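See below for the structure under consideration.
The values are calculated or read from the model by the stated rules, or taken from the named source; none is laboratory data. What you are looking at is a predicted structure, and each value in this text was computed from that prediction instead of being measured. As a convention, Cβ positions derive from the backbone with ideal geometry for all residues, glycine included, and neighbour counts pool all protein chains shown.
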Amino acid sequence: KQKAFIFDLDGVIVDTAKYHYLAWQKIANRLGIYFTHEHNELLKGVSRVQSLEIILGLGKVEASQEDKDTWLVEKNEDYLNYITNMEADEILDGVLPVLEWLKESNQPIALGSASKNARPILEKVGIMDYFDAIVDGNDVTNAKPDPEVFLIAAQKLGKTAQDSIVFEDSVAGIQAANIAGMVSIGIGDKSVLNEAQFNFKNFTEIHTQFLQTLVNK
Ligand code: B16
Ligand code: MG
């Protein structure tokens with residue numbers, strides 16, 4: 001049997017969520033907006049434009065489109081600085097064995113990320129070749145929790161939503177997978193990702209036996 005295995009990027013494959021957080025925090029600080037780790041959960045999986053709107057909303061700050069565009073560019077330049085020297089050692093623990101098992105088991109693999117920086121990151125950490133399809137922030141018009149990104153990924157792999165499995169670290173992403181009718185697997189804090197069908201702290205907890213049950217479903 002074959003299923004579609006769809007991976008989110010930031011916070012699932014690599015810990016770039018921390019870099020997004022640092023870059024947004026600089027913008028928030030500058031605008032005098034109180035922005036914590038908990039607020040940051042709201043931004044995970046959410047597009048760049050949407051993320052800025054959420055931060056401005058937290059501080060009840062109104063801004064012109066021109067200012068917003070400037071901050072979006074600044075945030076991304078800062079983020080690109082953080083990721084420029086990324087290497088394979090930034091792949092999160094347990095991810096490579098899972099990708100390896102899926103490849104050996106002939107299971108199609110896709111990336112389903114909201115990030116417009118997804119491809120360079122995959123290249124930097126050297127795992128581009130695992131992916132049969134890549135769908136990222138450049139390919140979608142509707143941000144998670146809209147299921148568009150995952151639906152396109154499944155389609156590219158030639159599988160139905162019912163035969164698709166999504167690994168996600170964000171609330172918005174889990175919601176997107178659920179709305180699509182896919183199996184949702186939360187990676188991270190179970191109390192945050194309580195809408196996921198399955199929960200794991202990280203990929204070291206995901207064993208081949210579990211992967212095999214997903215394939216057989
Ligand atoms: P960029 P994912 C998402 O990636 C991040 O979780 C989110 O925090 C970020 O704002 C979004 O990508 C856009 O990223 O600014 O690089 O286009 O988790 O869906 O892989
Ligand atoms: Mg993520």
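Remarks
- Considering segment 134-161, and only residues there that are more than 16 Å from ligand 2 (Cβ to nearest atom) and modelled with pLDDT under 95, the residue that is nearest to Leu42 (Cα to Cα) turns out to be Asn142.
- Test: Leu58 is within 16 Å of ligand 2 (Cβ to nearest atom), in contact (Cβ under 8 Å) with a residue 12 or more places away in the chain and not acidic (Asp, Glu): no
- Of all residues in segment 149-183, those being within 16 Å of ligand 1 (Cβ to nearest atom), in a helix (DSSP H, G or I) and among the polar types (S, T, N, Q) number 2.
- The listed residue being surrounded by 14 or more Cβ atoms within 10 Å (Cβ to Cβ) and at pLDDT 95 or above, out of Ala110, Ala88: Ala110
- Residue identified as within 16 Å of ligand 2 (Cβ to nearest atom) and surrounded by 15 or more Cβ atoms within 10 Å (Cβ to Cβ) among Ser105, Ser47: Ser47
- Considering residues of segment 178-199 that are in contact with a helix residue (DSSP H, G or I) (Cβ under 6 Å, 6 or more places away or on another chain) and of a type in the set (Gly, Ala, Ser) only, the residue farthest from ligand 2 (Cβ to nearest atom): Gly181
- Of the residues in segment 129-141, at least one is loosely packed, with under 14 Cβ neighbours inside 10 Å, more than 15 Å from ligand 1 (Cβ to nearest atom), within 23 Å of Thr204 (Cβ to Cβ) and more than 13 Å from the chain's Cα centre (by Cα).
- Taking every residue in segment 14-42 that is within 24 Å of Glu90 (Cβ to Cβ) and among the polar types (S, T, N, Q) and pairing it with any residue that is within 16 Å of ligand 2 (Cβ to nearest atom) and part of a helix (DSSP H, G or I), at least 6 positions away or on another chain, the pairs with Cβ-Cβ distances below 7 Å are Thr16/Ile83; Thr16/Ile121; Asn40/Tyr21.
- Of the residues screened, Val125 is not one that is closer than 15 Å to Ile6 by Cβ, β-branched (Val, Ile, Thr) and modelled with pLDDT of 95 or more.
- Lys116 being under 16 Å from the mean Cα position of the chain (by Cα), part of a loop (DSSP other than H, G, I, E, B) and within 14 Å of ligand 2 (Cβ to nearest atom): yes
- Cβ-Cβ distances below 6 Å connect the following pairs, each with a first residue in segment 168-196 that is farther than 25 Å from Asn216 by Cβ, a second residue that is among the β-branched types (Val, Ile, Thr) and within 15 Å of ligand 1 (Cβ to nearest atom), and a separation of six or more residues or different chains: Asp169/Val12; Asp169/Ile187; Ala172/Val46.
- For segment 198-216, a tally of residues being in contact with a Lys or Arg (Cβ under 6 Å, 6 or more places away or on another chain) and loosely packed, with under 13 Cβ neighbours inside 10 Å returns 0.
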